[in-house]
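Undergrad: Questions regarding the structure given below will be posed in turn.
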Amino acid sequence: LFTLKLVSENPYIKKVFFVIDKIEYGLSEIDSICESVELLKKCGKETLAFSESGDLKTLYLLTFFHKRYSIETGEFFSILPSSESFFFGKLAKKAGIEIESFASGAYKSFGENFSREQYSKQAKENISSLIFSMRNLLLNRFSVSSGLTEKDLQKPILTSQSLLEKNFFSGFIDEEEFTENYYLKDFPKSEDDKNESYKISSISQIRFMHN
């Protein structure tokens, strides 16, 4: 994020391209990245992003860019947050397994998925309220920035092809082609249009990945 702040303050950088790999951050961390991307845009930087595949968090992050690219065979898991959960208490009893869990501090529901057969009433109310707010935030963002509807996001998998048809993606390009050509004027270009004279220092590439 500090790098993004420095990029936003650099008047010579006009275009920033992000390669987004598998995201293992939570939504709060992703929101911090989104705020930095918004800052880049406010500072007049053109933002572009590339992602081969991912999940709902990947799609959410992609909505903050001016242009978005993927590969033709890309797939994105688009399952919206749900208050439904899996409980294995009944199964454990049938199998003769006794579950014991120990927790300290404020988080008292640790192990409930394995020891209970359903949510407690209080836990269900709290989780349902949290999930409802999160779903509304996500759906509003997708609707405003990309035109994707709740019906679209109810599909377990969205292909890059279907997202291109929805105008979510600007086009298809593979990562190798991008890393070789992203600095070209009017990117993306075909092989015949390559011209090293277009190579300038006013473009920055950033890769988001989780080690």
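Undergrad: Tally Lys and Arg at +1 and Asp and Glu at -1 over the other residues with C-beta under 13 Å from the C-beta of residue 45: what net charge comes out? Write down the numbers at each step before the final one.
TA: Values: positive: 5, 14, 15, 41, 42, 67; negative: 9, 38, 46.
For residues surrounding residue 45, the net value is +3.
Undergrad: I've got another one for you. Calculate the FRET efficiency for residue 3 and residue 166 from the Cβ-Cβ distance with a Förster distance of 22 Å, rounded to the nearest 0.05.
TA: Using R0 = 22 Å, I get an efficiency of 0.10.
Undergrad: Using 28 Å as the Cα-Cα cut-off, could you pick out the over-long pairs in 5/166; 15/151; 15/57?
TA: Correct reply: 5/166; 15/151.
Undergrad: On to the next question. Excluding residue 166 itself, calculate the net charge of residues whose Cβ lies under 12 Å from the Cβ of residue 166, where each Lys or Arg counts +1 and each Asp or Glu counts -1.
TA: Around residue 166, the surrounding residues sum to +1.
Undergrad: Under the Karplus relation 6.51 cos²θ - 1.76 cosθ + 1.60, θ = phi - 60°, what is the ordered set of whole-Hz ³J(HN,Hα) values for segment 19-34, x standing for Gly and Pro?
TA: For segment 19-34, the Karplus curve yields 9, 9, 8, 4, 9, 10, 7, x, 5, 5, 5, 5, 4, 5, 5, 4 Hz.
Undergrad: Report the net charge of residues surrounding residue 58, where surrounding means a beta-carbon distance below 10 angstrom and charges are Lys +1, Arg +1, Asp -1, Glu -1. List each step's numbers first, then the result.
TA: Numbers: positive: 22, 57; negative: 21, 52, 55.
With Lys, Arg at +1 and Asp, Glu at -1, the neighbours total -1.
Undergrad: How far apart, in nm, are two points set 7 Å out from the Cα along the Cα-to-Cβ line at residue 29 and at residue 128?
TA: 3.2 nm
Quick note: the coordinates plus some simple rules give every number you see, no bench work behind them. In this text the structure is predicted, and so the values were computed from the model without any measurement. As a convention, Cβ positions derive from the backbone with ideal geometry for all residues, glycine included, and neighbour counts pool all protein chains shown.
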